[in-house]
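Have a look at the structure below, then the notes.
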Amino acid sequence: MPSTTVSSKPDHGIGASRAALRESVIFPLVRSVGGRIAEVSPEKHDAPRIQTFEDADAYEGAFTSTEDTPPEVSAPADLSADIAVWLFGPEREARPSEVYRSLTEAVSPGGIIVVASEVPWPGKLLAGDEHGEFTAEETAAMLIRAGFHDVESIIEGPFFRITKARKTPGNAYRALIEAEQFLDVENHRDAEAVLNSLSEQMSSAEMVREYALLVAACHDLAGRHEHALEALSEALTLDPRCARAMCGLGRIAAIKGDLATAADFFESALRSEPALVAGLHGIAVIQEAAGDLRSAYKSMLTASDLRPKNDALMSEAARLGNAAGEKTDVAHFIAHRLGKSTEIAVYGNDADGPSTPGRPS
């Protein structure tokens, strides 16, 4: 099962895909919404660069110009937009949540965001510049935590989806942003303090679900697994299809040594979201503990393919492949991933013991 980072959709097609989407979907939507437009530039910068346009005419003109270098027509940067657009970008950002947060600040209260992203599936091989592709649940969660609600998929195709959401009223979402930033550096104390100080009512059940998942992550980092279990159970009550909550419950069951229950949770998560990396990583750990090294290798390899920049997943996949006797396949996998022609058959072979399922996020 050799793996590469060659996309099933050539990178040079992304520009054409953006242009086609603007023509068929985005331009009509922008005109129906009216007002100012903000769009994340597809060009690489040290920080996300958001272009703003005064109206639909300026926006369309900037992207339909026949000049070799079309003029950049932007509205004043201090004016909020009524609609924000991000076309095929989350996959190519190491921290897409930060871009969503920037878009929140660029959008006026009640404004709309439209995101086009590629659809992941197990076994998909990503392009060399992709950090990862995200499930529908992960995309919705990032939008909600950044300050959007009423999340809906307006196009759900086999290769890409378009997600629309509206800016959340009030400021309760700012606590979620701050807590998530603390958790990103495993600072559960300050994250907990922020969440505990939240006094403003949350605007949707989805936001309460994300709050519960962040609380669970704080408890998990602090080693309070029973409290994490309670928060995860609350999240699952609010959303019985929440695959991330299922993964969190599976992790706690595994820590307690109840591998059968852990497997049930991870399998349920993957039935809901087959390309959820946390679920694939978790089931790989359970499969290894049960002695099924080949299945564990396949699951971890799939997780690694969906997050090709994650060295820990690559190392775990290689370790499991070596343990399963798939050294030639591991050599090809690592050679392709690193862009080398030499075979590295023992990469990751020095790691001791199985990994632990990831924490809820």
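No lab work stands behind these numbers, since they all come straight from the coordinates. All figures in this text were calculated on a predicted structure; none of them were measured in a lab. Neighbour counts run over all protein chains shown; Cβ positions are idealised from the backbone, glycine included.
Here are some notes:
- Amide H contacts of residue 111 (H built 1.01 Å from N, under 5 Å, at least 5 apart or other chain): 167
- In a DSSP loop and with at most 16 other Cβ atoms within 10 Å, the trypsin sites (Lys or Arg not before Pro) in segment 153-242 are 224, 241.
- Between residue 155 and 162, the built amide H atoms are under 5 Å apart, and every one of these is 5 or more places off in sequence or on another chain.
- Bridge type composition, segment 13-167 - antiparallel percent by DSSP, nearest 5: 65 percent
- Proxy reagent accessibility, fewest Cβ within 10 Å first, across 285, 40: 40, 285
- A Cβ-based charge dipole, computed about the Cα centre of the chain with Lys and Arg at +1 and Asp and Glu at -1, lands at about 560 debye.
- Cα-based shape type of the chain, given that a ≥ b ≥ c are square roots of the gyration tensor eigenvalues and the cut on a/c is 1.5: oblate
- Checked against a 20 Å cut-off, the cross-linked pairs 256/298; 124/309; 124/298 give Cα-Cα distances beyond that limit for 256/298.
- Amide H contacts under 5 Å for residue 85, placed H, 5+ residues apart: 38, 39, 40, 114
- Whole-Hz ³J(HN,Hα) from phi, Karplus 6.51 cos²θ - 1.76 cosθ + 1.60, for segment 134-143, glycine and proline x: 10, 5, 4, 5, 5, 5, 4, 5, 5, 5
- Within a Gaussian network of the chain (alpha carbon springs, distance under 10 Å), most fluctuating of 145, 294, 31: 31
- Within the listed set 136, 62, 81, the Gaussian network model of the chain (springs between alpha-carbon atoms below 10 Å) gives the highest mean-square fluctuation for 62.
- Beta bridges assigned by DSSP with both partners in the chain are antiparallel in approximately 65 percent of cases.
- Computed from phi, the 3J(HN,Hα) profile of segment 147-158 under the Karplus parametrisation 6.51, -1.76, 1.60 (θ = phi - 60°) reads x, 10, 8, 6, 6, 9, 8, 8, 9, 10, x, x Hz, with x in place of Gly and Pro.
- Mean Cα-pair separation over length for the chain, i.e. relative contact order, pairs under 8 Å, 6 or more apart, %: 14 percent
- The length gained by stretching the chain between residue 241 and residue 259 to full extension, at 0.36 nm per residue less their Cα-Cα distance, is 4.4 nm.
- For 206, 186, the sequence from fewest to most other C-beta atoms within 10 Å is 186, 206.
- Per-residue ³J(HN,Hα) for segment 159-171, Karplus 6.51 cos²θ - 1.76 cosθ + 1.60, θ = phi - 60°, Hz, x for Gly and Pro: 10, 8, 10, 10, 10, 10, 8, 10, 5, 6, x, x, 10
- Choice from 96, 120, 240 showing the highest fluctuation, given a GNM over the chain with Cα pairs closer than 10 Å: 240
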